[in-house]
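Take a look at the structure below.
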4 protein chains.
Amino acid sequence: MSRKGLIDDLVSANHILFKEGVLDGFGHVSVRDERNPERFLLSRSIAPATVTARDVMEFGMDGEPLDARGRKPYLERTLHSEIYRARPDVVAVVHSHSPALIPFGITGTPLKPVFHMSGFLGSATPIFEIRDAGGPATDMLIRDRKLGAALARTLGNAPFALMRGHGSVAVGGSLKQVVYRAIYAEVNARLQSEALRLGTITYLNDAEAANASRTNDSVIDRPWGLWKKRAKEIG
Amino acid sequence: MSRKGLIDDLVSANHILFKEGVLDGFGHVSVRDERNPERFLLSRSIAPATVTARDVMEFGMDGEPLDARGRKPYLERTLHSEIYRARPDVVAVVHSHSPALIPFGITGTPLKPVFHMSGFLGSATPIFEIRDAGGPATDMLIRDRKLGAALARTLGNAPFALMRGHGSVAVGGSLKQVVYRAIYAEVNARLQSEALRLGTITYLNDAEAANASRTNDSVIDRPWGLWKKRAKEIG
Amino acid sequence: MSRKGLIDDLVSANHILFKEGVLDGFGHVSVRDERNPERFLLSRSIAPATVTARDVMEFGMDGEPLDARGRKPYLERTLHSEIYRARPDVVAVVHSHSPALIPFGITGTPLKPVFHMSGFLGSATPIFEIRDAGGPATDMLIRDRKLGAALARTLGNAPFALMRGHGSVAVGGSLKQVVYRAIYAEVNARLQSEALRLGTITYLNDAEAANASRTNDSVIDRPWGLWKKRAKEIG
Amino acid sequence: MSRKGLIDDLVSANHILFKEGVLDGFGHVSVRDERNPERFLLSRSIAPATVTARDVMEFGMDGEPLDARGRKPYLERTLHSEIYRARPDVVAVVHSHSPALIPFGITGTPLKPVFHMSGFLGSATPIFEIRDAGGPATDMLIRDRKLGAALARTLGNAPFALMRGHGSVAVGGSLKQVVYRAIYAEVNARLQSEALRLGTITYLNDAEAANASRTNDSVIDRPWGLWKKRAKEIG
């Protein structure tokens, strides 16, 4: 994919994640430059719904911008860089405060796949407790490399991690995949929350989760096209 | 109804089910060709909100397209074909992952009619457990005739069935009726879920359910016209 | 108010109640003709969101249209006529299936005012059980004068009644007041439901409810103007 | 900031709070005139979504308009004036009935910060019981200076207070800050409510809350810009 195509997709991902209720005025999405895997792209510090190609900056593996030209980066850019460092397989990262997931992180309720659309969650979703790495008096943000590295360790090989009192992080092998995961992790949380009040849940087992995940990856262009259409309007 | 009229209604049904929150980027709706009852119509594999007349394909009772012309069919088309084979009375089928119904399927909570709008549900809604027919390691999809036939057996003579960890299926004697059922099954699930937290529910009894269902069928053009108007905008 | 003004307000009331989520494809709102109090106005049997002045019909106290001219009336028009007969103070009636109220009717949970906006509810909301008047095998609808009269008896002097397995009815001294009541009864149900899960509720006492209700009636033009603006778009 | 700029921002704040679901046809937002701190600006008594610059009136510390010119002020203007009198640090005040917060006020459930976005809530949110100052038969409104002063005493040095059976009040050092607080207090209530059903919540501790609040204040222009864009449409 051309650099222009990659940037266009990153802009779309920003708008989609806003429109679908994953991001509000906060949160961010980045993509690795596959032709130069030590670099990734991320918007300057603005609301995702308002991101344009001109807002996209390039970052190195230390989380610092290479071409700032006066543009202010997000405070939490090392959340992205440290995951890219620890996970060569990861091509895209979403960090959000999407609402249905927060209650899982703050109560320690295990987030697990309740239906095939969220099979990618697998059998266990790690929860990042910032007090373990940052002590009892942080501002909750991943604002330096040490905290980014600690989050990446909690994430391990998983596609998704909850962050207590803050939000969550999704990773994927492409922008389309990470957007899909961020959206359906939120849907899964909503459904699981509701179902926990009704009775005992039969979750997908490991094989069902893995197989469903593989199948959905094969049709990932379908929702992406729809989401792009819907995202044209900011309202 | 002319073939063109039937295809136009199928396109509308796709858009309506998206707009009313029954389908998202996934799920599908089909209609039997009443002049040739061994055939049914179903879109190629795209998001329902984006379906146009040109995307509609014809299928036989084996679930295979008769006129593919390079268009890719849905993976789950045998969900439709096997129901049409088993149920000569069925003219239209909706398969969805609509959110309020998922918690019922995964917890085994009996879905029952809480108000007259969903009287069609009758006294018991079957739940399809794919492990019974497909073993413990499927990808949850109805991807062959054997699984389609098993789902049709679980559905039996009912108008609606839940699918554990996946979604649900509604059937009807017309597109208007199946769209009505898919929408109000979802509404019923939302209301029943909420009411279960408040106390003990007085459900419609069998006579009330049957009578209310008959009455609502007599005014089914009313919501259909409204839904068509609303569905003009994709947002 | 001129007859044209009254019809225009009735059309607005239809559109507002749809837009604010009180009515969907079903439900209806009527207004008494104050210059001829034995008559009331009600749309022909179409979706409220699509009502225009030409759809408005005139009815007598027997619930029959005086000027049908081929237009089909709602099946439940005696719900309106019998309330107007029993309650000379009532100038407008809304019948809806609005979602947050259904769980109260089907579980027998007392609906009570949780905040000043719904003070009009007073200390007790009656619940209509159609089996008492219509036996165990109705279609749940108020489809004749006997059932309409039974509902009016259950309503008594109250501004609002729940109907088990069906919906609710709001009455008021004007279209603006009844629209306000239908909207805020629904809001109250949502809030009360949520609060019942958190703990023990301090409800408005009788004096607070009555006083708040009087105050809100004095500023009722404020939300009406807003709702009219919002209702211009059907979506 | 020029007077015109201040009025424009106040108009935007009205529209934003409607669009983001904090205000409906009721509630209000005011701002102190920093060049003349004994004065504050507040719309005449209309729905916030419809406020224009011409509706903005100037008030003194007694809650009376200085330039009414026939415009009717809100009944609850002393809610604003008495807080400005008691809290020289406060530059802007929002009073709302936003839905997720009502259940906390009426059940006495402590509202506490569940994530970094609502760190400003600190460790305890006071609840105003109007019966303590106004007796058992008020209309729930802050309709005179005595009740305004009692509310200000309950608020104390806090940024936020719940009002039993009525709503809540947020205060801030600027319009942007108070709008942020009104929006994220509502989000926090929604998340806390949901999480309380899942298990035991780990809240932000005092240091986390204070630090997160400071950080978010430093990026407050980001959501404000987004909210202004979204608020352009009344729907």
> Per-residue mean of other chain beta-carbon atoms within 10 angstrom of the beta-carbon, peptide B:110-118?
Replying inline: 5
> Let a ≥ b ≥ c be the square roots of the eigenvalues of the Cα gyration tensor of the range A:177-235; is it rounded (a/c under 1.5), or, if not, prolate (a/b larger than b/c) or oblate?
Replying inline: oblate
> For the range B:1-150, taking Cα atoms only, what is the radius of gyration to one decimal and the Dmax to the nearest whole Å?
Replying inline: 15.7, 46
>> Using the crude model of +1 on Lys and Arg Cβ and -1 on Asp and Glu Cβ, and no other charge, please compute the dipole size for the protein assembly as shown relative to its Cα centre, in debye to 20.
In response: 1440
> Copy-to-copy spacing for D:ASP206, label 7 Å out on the Cα-to-C-beta vector, in nm, shortest first?
Replying inline: 4.7, 4.7, 6.6
>> How large is the accessible surface of C:ASP33 in square angstrom, using a 1.4 angstrom probe and rounding to the nearest 10?
In response: 10
> Using Cα-only point scatterers and the Debye equation, what is log10 of I(q)/I(0) for the range B:76-176 at each q in 0.24 Å⁻¹, rounded to two decimals?
Replying inline: -1.43
> Charges only on Cβ, +1 for Lys and Arg, -1 for Asp and Glu: so what's the dipole of the range B:80-218 about the Cα centre, in debye to the nearest 20?
Replying inline: 200
> Treating the beta-carbon of each Lys and Arg as +1 and of each Asp and Glu as -1, no other charges, what is the dipole magnitude of chain C about its Cα centre, to the nearest 20 debye?
Replying inline: 380
> What total accessible surface area, summed over both chains, is buried at the interface between chains D and C, computed with a 1.4 Å probe and given in Å² to the nearest 100?
Replying inline: 2800
> When Cβ neighbours within 10 Å are restricted to other protein chains, what is their mean count per residue of peptide D:131-137?
Replying inline: 2
>> Name the chain C residue nearest the rotation axis between C and D, going by Cβ position, and give the distance in whole Å.
In response: C:ARG197, 5
> With all pairs of different alpha carbon atoms counted, what Kirkwood hydrodynamic radius in Å does the protein assembly as shown show?
Replying inline: 29.4
>> Measuring nothing but label to label, 7 Å from Cα along Cα→Cβ, what are C:ASP221's distances to the other copies in nm, shortest first?
In response: 4.2, 4.2, 5.9
> Using modelled backbone amide H atoms (1.01 Å from N, in-plane), which distant-in-sequence or interchain residues come within less than 5 Å of B:MET57's amide H?
Replying inline: B:LEU42, B:SER43, B:ARG44
>> Taking 29 Å as the cut-off for C-alpha to C-alpha distance, list the pairs among C:LYS229/D:LYS228; D:LYS72/D:LYS232; B:LYS176/D:LYS232 that go past it.
In response: B:LYS176/D:LYS232
> Along Cα→Cβ at 7 Å, what distances in nm separate the D:GLY135 label point from those on the other copies, shortest first?
Replying inline: 5.6, 5.6, 7.9
> Top to bottom by accessible area (1.4 Å), largest first, where do B:ASP139, B:ASP206 land?
Replying inline: B:ASP206, B:ASP139
> Give me the log10 of I(q) over I(0) for the range B:157-207 at q = 0.14, 0.18, 0.25 Å⁻¹, as the Debye formula computes it from C-alpha points; what are the numbers?
Replying inline: -0.45, -0.72, -1.08
>> Charges on Cβ only, +1 for Lys and Arg, -1 for Asp and Glu, centred on the Cα centroid of the range A:1-141; of A:LEU111, A:SER30, A:HIS95, which one is farthest towards the dipole's positive end?
In response: A:SER30
> Using alpha carbons only, what's the Rg to Rh ratio of the range D:132-235 with Rh from Kirkwood?
Replying inline: 1.02
> Percentage of Cα-Cα pair distances in the range A:144-185 greater than 16 Å, rounded to whole percent?
Replying inline: 39
> What is the spin-label model distance, in nm, from A:ASP33 to A:ILE201 if the labels are put 7 Å beyond Cα along the C-beta direction?
Replying inline: 4.1
> How much net charge surrounds A:ALA210 when only the other residues with a Cβ under 12 Å from the Cβ of A:ALA210 are counted, with Lys and Arg +1 and Asp and Glu -1?
Replying inline: -3
> Can you list the aspartates and glutamates whose alpha carbon is less than 16 Å from that of D:LYS146, not counting same-chain residues fewer than 8 positions off?
Replying inline: D:ASP62, D:GLU64, D:GLU76, D:GLU82, D:GLU129, D:ASP132
> So how exposed is D:TYR180, as accessible area in Å² (1.4 Å probe, rounded to 10)?
Replying inline: 10
> In sequence order, what are the phi-derived ³J(HN,Hα) couplings for the range B:3-14 according to the Karplus relation 6.51 cos²θ - 1.76 cosθ + 1.60 with θ = phi - 60°, rounded to whole Hz, with x for glycine and proline?
Replying inline: 4, 4, x, 5, 5, 4, 5, 5, 4, 4, 4, 4
> Of C:ASN157, C:SER123, C:THR138, which is farthest on the positive side of the dipole of the range C:100-158, counting Cα position, with +1 on Lys and Arg Cβ, -1 on Asp and Glu Cβ, and the Cα centre as origin?
Replying inline: C:ASN157
>> Inside 10 Å of the C-beta atoms of B:221-233, what's the mean count of C-beta atoms belonging to other chains?
In response: 4
> For chain A, what % of the accessible area comes from carbon and sulfur atoms, probe 1.4 Å?
Replying inline: 50
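The values are calculated or read from the model by the stated rules, or taken from the named source; none is laboratory data. Being a predicted model, the structure only gives us computed values, none of them experimental. Cβ coordinates were reconstructed from backbone atoms using ideal geometry, including for glycine residues, and neighbour counts include every protein chain displayed. With ligands, DNA and RNA removed, areas are computed over all heavy atoms of the protein, side chains included. Shrake-Rupley method; radii C 1.70, N 1.55, O 1.52, S 1.80 Å.
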